[in-house]
Amino acid sequence: MNKKHFIIAFVMVFGCTTMQAQTIDDFRKQFEEATALWKKQFRDFREKCNQEYADFIRQHWEEKGVEPPRVMPEDGKPIPPDFLPEKDRQLVLQDKLVPLFEIVPYKMPEPQPEPVEPIKEVPLPEIEEETTFTFTFRGTQATVRLGDKHRFRMNDCTEESVAKAWEHCSKVEFDNLLFDCLELRNKYQLCDWAYLDMLRTLGRSFFGKGTNEAVLLTSYIYCQSGYKMRMARGDSGRLYMLYASKHHIYGYTYFVIDNESYYTIDCEEESLHICKATFPKERPMSLLVGKAPRYDVGQTKERTLQSARYANVKATVQINKNLIDFYDSYPRSGSEIDDNFMTRWAIYANTPLAEDIKQSLYPALQQVIAGLSEKEAANRLLNFVQTGLTYEYDEKVWGDDRAFFAEESLYYPYADCEDRSVLFSRLVRDLLGLKVVLVHYPGHLATAVCFNDEVKGDFIQVNDQKFVVCDPTFIGGPVGWTMTSCRNQPTTVILLD
């Protein structure tokens with residue numbers, strides 16, 4: 001029930017003429033009674049949904065075999081970095097239109113899933129007591145209303161045992177726990193992946209790692225928060241939670257349920273018995289990171305990055321290790337949106353830098369580009385990324401392709417072409433306020449910038465706007481230069497926010 005329905009219900013119960021005639025005290029009393037009725041209707045609806053869900057759990061669970069991990073499409077042989085001779089920097093560039101193969105549209109993030117009905121706090125004495133539980137996730141301490149009365153025990157993970165545990169969690173005593181978890185999601189700006197990560201930590205902290213009770217509690221809170229998930233059991237006697245994702249994830253095994261992909265957590269079994277019960281208004285998770293999570297800060301050692309050409313373009317940064325650890329938990333093989341492999345880099349490029357990183361990095365850079373033209377400012381930021389970071393292939397460092405969020409390029413000692421492009425695109429958008437696109441060639445990723453000023457050089461025409469090539473891997477190459485091995489190749493342009 002939304003606010004409009006509540007107002008209608010209030011008027012139906014008390015009547016407009018009655019409302020006008022009442023004293024303030026009477027009106028307040030009536031309003032409180034109506035509010036209580038409203039909350040009860042929410043709770044009654046959720047209780048009904050959960051009872052129907054528990055009844056469905058008691059039915060037969062279908063056995064399904066696991067699907068092999070999706071393999072990341074081939075992107076061509078990686079193109080090594082190139083160096084522009086000093087004499088060529090003096091050449092006067094002319095406009096040259098870069099052939100365009102495809103434009104990949106920007107995907108607007110959707111609001112996060114929400115409970116089927118709003119979760120309201122339950123005051124005392126509606127519940128007999130209030131106890132709290134403190135746990136730590138990603139170096140961040142949090143407290144929720146959870147105690148011994150919430151504990152339950154599962155002797156096995158049969159349909160009946162899981163249904164009884166679900167009914168236990170569906171009691172009103174768990175509403176404040178749900179409320180607290182959703183408040184933590186808002187407080188710490190947790191994206192869907194970060195929220196699931198927090199819930200798993202909570203379940204393990206309360207019941208113990210690897211226990212069926214921890215999986216059940218995680219599944220319940222995740223489901224009640226509006227997310228689409230399915231429970232499953234293996235022949236090992238373990239209970240698992242499967243989560244649905246809007247994005248195809250590479251390198252992860254998955255199960256197909258009703259033509260939708262569900263991914264497993266900590267499961268290596270070849271087949272599972274899966275409960276196909278659905279919950280109203282459930283939605284799959286998104287792997288987009290609209291805001292950097294606000295974990296407590298665990299600072300790393302200072303690192304100084306400096307441009308080789310512009311010595312004053314220098315910054316000393318400290319990165320939040322808790323954030324780095326979270327990004328390390330993110331599906332490192334990457335994912336794609338709408339079955340388009342080219343969207344994988346936009347996920348990283350559209351993730352904002354954390355505020356504490358901006359505060360240490362941006363003032364130093366803003367100071368040295370102040371008063372410069374857009375082109376000159378971009379040249380300084382470009383050389384800062386080109387020469388301040390050390391290039392190395394992902395396969396050599398990580399054993400496989402691995403894209404970085406912007407903070408990771410500032411933290412790890414090596415960064416390849418895609419990592420540099422993600423970071424440079426972030427700096428230009430934040431510090432210069434200019435539009436940037438990612439420019440993909442087979443085996444290589446660069447950027448292009450839409451300047452307000454007239455800037456000459458290699459450019460791409462995108463929706464009647466001129467984007468001038470800026471390649472963070474063409475060492476010494478200023479604005480307008482395409483790396484030698486990529487010249488005259490058709491490009492795929494990936495639009496960013």
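The values are calculated or read from the model by the stated rules, or taken from the named source; none is laboratory data. Please read all numbers here as calculations on a predicted model, not as lab measurements. Here Cβ is always computed from backbone atoms with ideal geometry, including for glycine, and neighbour counts include all displayed protein chains.
Here are some residues: Tyr362, Tyr330, Tyr348. Which one is of a type in the set (Phe, Trp, Tyr) and within 27 Å of Val455 (Cα to Cα)? Please lay out each step first, then the result.
Values: Tyr330 fails: within 27 Å of Val455 (Cα to Cα); Tyr348 fails: within 27 Å of Val455 (Cα to Cα).
The unique qualifying residue is Tyr362.
Can we say Phe384 is in contact with a Lys or Arg (Cβ under 7 Å, 6 or more places away or on another chain), at pLDDT 95 or above and part of a helix (DSSP H, G or I)?
On the way: in contact with a Lys or Arg (Cβ under 7 Å, 6 or more places away or on another chain): no; at pLDDT 95 or above: yes; part of a helix (DSSP H, G or I): yes.
Spelling it out, it is not the case that Phe384 is in contact with a Lys or Arg (Cβ under 7 Å, 6 or more places away or on another chain), at pLDDT 95 or above and part of a helix (DSSP H, G or I).
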Check: Here are some conditions: (1) within 25 Å of Tyr391 (Cα to Cα); (2) touching a helix residue (DSSP H, G or I) at 6+ places or on another chain (Cβ under 7 Å). Asn452 meets all but one. Which one does it not meet?
Finding: (1)
Notebook entry, point to check: Across the stretch 345-389, what is the number of residues that are under 30 Å from Leu190 (Cβ atoms) and either in contact with a Ser or Thr (Cβ under 6 Å, 6 or more places away or on another chain) or not assigned by TED's automatic domain parsing to the domain that holds Ser421 (or both)?
Noted result: 1
Next item on the list: Residue by residue through the stretch 76-132, note down the ones that are under 22 Å from Asn488 (Cβ atoms) and touching a helix residue (DSSP H, G or I) at 6+ places or on another chain (Cβ under 8 Å).
Entry: Pro78, Ile79, Pro81, Asp82, Glu102, Val104
Notebook entry, point to check: All but one of (1) hydrophobic (A, V, I, L, M, F, W, C); (2) touching a helix residue (DSSP H, G or I) at 6+ places or on another chain (Cβ under 8 Å); (3) at pLDDT below 95; (4) farther than 26 Å from Asn155 by Cα hold for Ala194; which doesn't?
Noted result: (3)
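Can you tell me which residue among Ala308, Ala292 is surrounded by fewer than 16 Cβ atoms within 10 Å (Cβ to Cβ), aliphatic (A, V, I, L, M) and in contact (Cβ under 8 Å) with a residue 40 or more places away in the chain? Give the derivation first.
Numbers: Ala292 fails: surrounded by fewer than 16 Cβ atoms within 10 Å (Cβ to Cβ).
None of the others qualify; the one that does is Ala308.
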Margin query: Regarding the stretch 312-322, can at least one residue be identified that is closer than 30 Å to Arg70 by Cα, out of contact with any strand residue (DSSP E or B) (no Cβ under 7 Å at 6 or more places or on another chain) and among the polar types (S, T, N, Q)?
Written below: no
Margin query: Please go through (1) touching a Ser or Thr at 6+ places or on another chain (Cβ under 7 Å); (2) within 17 Å of Ala446 (Cβ to Cβ) for Pro413 and return the number of the only condition it doesn't satisfy.
Written below: (2)
Next item on the list: Could you grab the pairs with beta carbons closer than 9 Å, sequence gap of 6+ or different chains, first residue in the stretch 242-265 and closer than 16 Å to Val71 by Cα, second one aromatic (Phe, Trp, Tyr) and not in a strand (DSSP E or B)?
Entry: Tyr263/Tyr252
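How many residues are more than 26 Å from Asp400 (Cβ to Cβ) and in a strand (DSSP E or B) if we restrict to the stretch 205-254?
Of the residues in the stretch 205-254, the ones more than 26 Å from Asp400 (Cβ to Cβ) are 205-239, 241.
Pick out the ones that are also in a strand (DSSP E or B) and you get 227, 229-233, 239, 241.
So the answer is 8.
Can you name every residue in the stretch 458-478 that is part of a strand (DSSP E or B) and either under 11 Å from Val439 (Cβ atoms) or in contact (Cβ under 8 Å) with a residue 40 or more places away in the chain (or both)?
From the stretch 458-478, those part of a strand (DSSP E or B) are 458-462, 465-470, 474-475; that's our starting set.
If the condition is that a residue be part of a strand (DSSP E or B) and either under 11 Å from Val439 (Cβ atoms) or in contact (Cβ under 8 Å) with a residue 40 or more places away in the chain (or both), then Asp458, Phe459, Ile460, Gln461, Val462, Phe467, Val468, Val469, Cys470, Phe474, Ile475 are the ones that fit.
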